[in-house]
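Nothing in this text is a laboratory measurement; each read-out follows from the coordinates by a stated rule. Keep in mind that what you see is a predicted model, and the values were worked out from it rather than measured. Using ideal geometry, Cβ is built from the backbone for each residue, glycine included, and neighbour counts are taken over all protein chains shown.
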């Protein structure tokens, strides 16, 4: 028993090491365009993994997370454009306000379930979007905020990639720990059967509110990183199609698996850049894709792989290496 | 007294489901709650455990008044329940299911950073062993046969370390030998851990075979209350409920 679990542990660490080395060397191998895209993919991964805390592990269909993503981008952009706050302080401060939004929006929305929860979160995020659009003197309205300056140490494509990789790694590790924590385990049990969990003495509302707030926090970090990567912030980031896109992305990868959303994001960007070459109707393709997933891969790509024989093969290949 | 109800009433519109129900329950008793369909048994459970609010009346548990408390607070006070339709965590493993209940019992539900994988491992296996499911700890709950699901639900309820456990039809849908297994499990919990039980049951074999006290509910009131032998010989009970055959 002990030796088997030790073997699995070594295997796990070995795999992690290979992935880390691969990710670190990637910018020195790939063309610049793909390094840049990978950087943005990582920012989006934080967003998607953040959402998946409530979506996949909490079973709560949050349809307004773009509000937090957009807010994270805008707060950073405004701090850098309108105040003298140094970049690194702005980076740390940016997620605070969106997280506060998370507490307030969560407070009202978690009292309702399923469809009603989705609609309330959607309505609140549209409120954030409306503020961004209407507060022209501050946000520049539809013109957005462009030309955010970042420190020279992270201004080359490769250094920005490595910096984003570091931030993403910390976020992914933290989310992983939260999911595996007593809190995360309680949340998963609530997803399966909230009433049963209530009758073991869990305060469901409190648990859901904490989950929602944490989720908003990570979604806003995703937005902040996106603003750093692209050096701009636009209202679209907070609008509802973005909320829908991230839900579909998580489902594409698989919401009941930890790395499902990551795979979903990679597929989304990859397909977007491929499909974008042939047609401007990318959203229609995305919609069609969503329908196909719901019908044929209800557990997403990663969920499907885990259920199929492929999982066994991949494990065996892993053993060989 | 572990449980004391004083004049508990509950109506749904015109229908008075509970009508000034008063009763007391001493600790460590296996008490059966029986009565025809619609007598108000499940409503009584729902009112006691905080799922519904009573229109009037008071509930005392273990010396505390718990009238109007939230369901989770009542459970934290160690009054727990199981459900008529087996209520488990379908996609979780047995280990994770019982562990979640233990996490809740130990008030660790908002602990964000402790490593969860091996948390309370010994306690989980102790409980699973008690209900005879330790060898299936890594099974997915939904894959269990019906009888084992009922045991798992019992394990989840047990993990909360209740003093009083309300069981809503613990043996529904079970084969006779499984019924005996579940009821002997209940008796062992009482004998070894000092739990008190009230169980709603339609299987008269289980009721008269295992209960030490029987409360008969009829039209929202306590119609009869006593030892099994007294209930068996009660002519009125036979008329309203047992069809005169017992």
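So the values come out like this:
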| read-out | value |
| --- | --- |
| Pairwise centroid distance, computed over Cα atoms, of the range A:103-167 with the range B:202-230, Å | 62 Å |
| Cα centroid separation - the range B:92-170 against the range B:1-18, whole Å | 32 Å |
| Spin-label model distance (nm) - residue B:110 vs residue A:123, 7 Å beyond Cα toward Cβ | 2.7 nm |
| GNM top mover of A:282, A:34, A:13 - chain A, alpha-carbon springs below 10 Å | A:13 |
| Rounded, prolate or oblate (a/c below 1.5 giving rounded, otherwise prolate when a/b exceeds b/c) for the protein assembly as shown by Cα gyration tensor | prolate |
| Angle in degrees between helix B:176-193 and the longest Cα principal axis of chain B, rounded to the nearest 10 | 80 degrees |
| Within the protein assembly as shown, helix-based [θ] at 222 nm, where runs of 4 or more DSSP H residues each add -39,500 (n - 2.57), nearest 500 | -18500 deg cm²/dmol |
| Cα-based shape type of the range B:70-113, given that a ≥ b ≥ c are square roots of the gyration tensor eigenvalues and the cut on a/c is 1.5 | oblate |
| Nearest 10 degrees, 0 to 90: helix B:146-159 Cα axis against chain B principal axis | 80 degrees |
| Choice from B:67, B:49, B:24 with maximal GNM fluctuation in chain B (Cα, 10 Å cutoff) | B:24 |
| The range B:93-246: antiparallel DSSP beta bridges as a percent of all, rounded to 5 | 55 percent |
| Prolate/oblate/rounded label for the range B:136-200 (Cα gyration tensor, a/c 1.5) | oblate |
| Beta bridges per DSSP with both ends in the protein assembly as shown, % antiparallel, nearest 5 | 60 percent |
| Helix B:94-105 axis, angle to chain B major axis (alpha carbon atoms, nearest 10°) | 70 degrees |
| Fewest-first sequence of A:242, A:82 by Cβ atoms within 10 Å of each Cβ | A:82, A:242 |
